[in-house]
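The values are calculated or read from the model by the stated rules, or taken from the named source; none is laboratory data. What you see is a predicted model, and the numbers here were worked out from it, not measured in a lab. Methodologically, a virtual Cβ is constructed for each residue, glycine included, from the backbone with ideal geometry; neighbour enumeration extends over all protein chains shown.
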Amino acid sequence: MNLKIVGVGEVLWDLLPTGPKLGGAPANFAYHSHALGAHSYVITRVGDDDRGREIIRRFREMGIRSVAIQVDEKAPTGTATVKLSGDGLAHFTIQENAAWDCMEATNEAIGLAASADAICFGSLTQRSETSRRAVEQIVSAAARKSLRVFDINLRQHFYSREVIERSLQLANVVKLNDDELPTVAEMLALEGSTENQLKSLASQFDLQLVALTRGPNGSLLYRRLTDDEGNWSDCASTPVKVVDTVGAGDSFTAAMVLGLLRKMSLDEINSIANQVACYVCSQAGATPALPPEFAHKFATFSRKIDPE
């Protein structure tokens, strides 16, 4: 079964202390989806400049399809300055008025979304009105049975309650981290324990699944069955020597999506997604080469897949 997975939004160069690395959450997500065995695509926009041309070349080199990559004649390819704290945590300063702020809902983008098994988008991409409208049109074109994954991805001041709420309405799967949950909980009046907040989020927006990543404390998945009932999976993280955390969350999301599409159990999904994210933390940059055994686990998973 050839899965088609699409990342929508920003692509940029992470300007790390060790030099520039290809980044942007949707691009990272697509890269890891491809590395884990899916056919992956990116819907984005780059500048008509050397950095943009290098991104397109890199995508081809990595096997990511470029049929929906737009080229902007005026705005430059995006960049983000990345500073690492002593524990490898990444802190981003993201360039404004980049090419991906001008992303459009082209016919190619709409067609690609309509045929996708899963489509992933975030809030950063929607910081401009132009790209926000494009994201809404593209994600709305996805098939009803597809996974529509909102990776909340709060960055700097580039988000609002309106964007978060509308994105949650578009999605059926949500992923956020433990730094983002308090902000989202305050924004949406989610009360009580972490578990109660995740359940309320799933119920309020009719979500199939909510994923909370917690860095060295692992991850928590909640699959909603009814407004009052659901299944939980709490997975501890494997200790690793962290080089940097850039792209780890995106790799987690990619593995989680493949696990959902392969009909793995919640615990199986949580375990392999954690393993992939921990490996990415042990490497430099957002898109290191992944050990082949990760893709092999998905390729050899034998549980019956629905004929749809």
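This table checks each residue for (1) over 18 Å from LYS83 (Cα atoms); (2) modelled with pLDDT of 90 or more; (3) out of contact with any strand residue (DSSP E or B) (no Cβ under 9 Å at 6 or more places or on another chain); (4) buried (at least 20 other Cβ atoms within 10 Å of the Cβ).
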site	(1), (2), (3), (4)
THR18	no, no, yes, no
ASN28	yes, yes, no, yes
VAL46	yes, yes, no, yes
GLY52	yes, yes, no, yes
ARG57	yes, yes, yes, no
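Applying the criterion of being under 26 Å from TYR31 (Cβ atoms) and at pLDDT below 90 to the residues of region 203-226, the residue that is surrounded by the fewest Cβ atoms within 10 Å (Cβ to Cβ) is PRO216. Scoring GLU229 on the criteria (1) surrounded by 14 or more Cβ atoms within 10 Å (Cβ to Cβ); (2) modelled with pLDDT under 95 leaves a single failure, condition (1).
Suppose we filter region 97-142 for residues that are within 19 Å of GLY78 (Cβ to Cβ) and out of contact with any helix residue (DSSP H, G or I) (no Cβ under 8 Å at 6 or more places or on another chain); how many remain? The number of residues fulfilling the criteria is 5. Is it fair to say ASP179 is over 27 Å from LEU261 (Cα atoms) and charged (D, E, K, R)? So ASP179 passes the test.
Can you list the helices (runs of 4 or more DSSP H) lying wholly within region 87-175 that have 3 or more residues being farther than 22 Å from THR213 by Cβ and among the hydroxyl-bearing types (Ser, Thr, Tyr)? Steps first, please.
Numbers: elements: 107-114, 129-140, 161-170.
Per the criteria, 129-140.
Enumerate the strands (runs of 3 or more DSSP E) found wholly within region 1-74, keeping only those where 1 or more residues are without any contact (Cβ under 8 Å) to a residue 60 or more places away in the chain, over 13 Å from ALA286 (Cα atoms) and touching a Gly at 6+ places or on another chain (Cβ under 6 Å). First the steps, then the outcome.
Values: elements: 4-8, 12-16, 19-23, 39-47, 69-72.
Ranges flagged: 39-47, 69-72.
Figure legend. Inter-residue proximity from region 170-186: first residues farther than 20 Å from PHE252 by Cα, second residues of a type in the set (S, T, N, Q) and surrounded by fewer than 19 Cβ atoms within 10 Å (Cβ to Cβ), beta-carbon distance below 8 Å, spacing 6+ or different chains. Indicated pairs: LEU170/SER140.
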